[in-house]
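No lab work stands behind these numbers, since they all come straight from the coordinates. Fair warning: this is a prediction, and the values are worked out from it, not measured in the lab. Here the Cβ positions follow ideal geometry from the backbone for every residue, glycine too, while neighbour counts run over all protein chains shown.
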């Protein structure tokens, strides 16, 4: 007998890709449990399944930087409650992140994919359930997007929750309207501008030298630091909330269309986002 939960939750996180570098991602979570029926005629109560798995994913994957520990040119150190990640892009450019341990998840894999992450999660999730549950299958699924989308990472210093982590991200679509008419060319342009990007807040940018951006800030969970190539960054004057991202894109577009109404629907992962109109 199997129990299934489609779209149990979504995970929004960033990970290190061996070629593209820091990459924001958003996946839906699908779960199947295999087991015998208990005295209530259930494998496991749906409420328990959803609560246990979501809490674990929220703690371990969601809003974290997920790092494949077997990746080439990678060094990781853990000391005093902090994790440091040193890596080099294929071009030789350095990447560095230092965060409290809970903000960085090290995976026993050479590359992060939906399959390697699911394999890593499997045994740890299975241990959460009662004896009636004999097997588990977890899948991570990308949203099907018919149109422009981009991968971005960011950190929100002023956020009370896990969004304060300096390197977490999303895979997001964008919709742009000029005088109420959808402009797919502008959407594609902005998707390319923000492709595989780190959207940084100017006040977090501590230095910019030799083609490298160095970000640092103190937040409730601790001190966060991130360094990566300047070509991988897009700096804005505000915190990089989705509301501010939508506002930023709309204002830049408005300069080219001063007499027309500009509306931007910027998504933050799957099924949520902000609308800015100027």
Practice item. Fewest Cβ neighbours within 10 Å first, please rank 278, 249 accordingly. Key: 278, 249
Review point. GNM, the chain, Cα, under 10 Å: largest mean-square fluctuation among 70, 92, 200?
Key: 92
Review point. Mean separation of Cα pairs under 8 Å and 6+ residues apart, divided by the residue count of the stretch 48-117: what relative contact order is that in percent?
Key: 35 percent
Check your understanding: Any idea how far the Cα center of the stretch 70-105 sits from the one of the stretch 158-190, in Å?
Key -> 27 Å
**Study point:** Cα gyration tensor category, rounded, prolate or oblate, for the chain with a/c compared to 1.5
**Key:** oblate
Practice item. Using packing as a proxy for protection, rank 142-148, 224-230, 16-22 so that the peptide with the highest average count of other Cβ atoms within 10 Å comes first. Key: 224-230, 16-22, 142-148
Review point. Percent relative contact order of the chain, based on C-alpha pairs within less than 8 angstrom and at least six residues apart?
Key: 19 percent
Study note, to complete from the structure: Ranked by GNM mean-square fluctuation in the chain (Cα springs under 10 Å), the top entry among 129, 140, 13 is 129
Review point. What ranking, highest mean first, results for peptides 256-269, 210-223, 165-178 when packing means the other Cβ atoms within 10 Å averaged over each residue?
Key: 165-178, 256-269, 210-223
Check your understanding: Share of antiparallel DSSP beta bridges in the chain, in percent to the nearest 5?
Key -> 85 percent
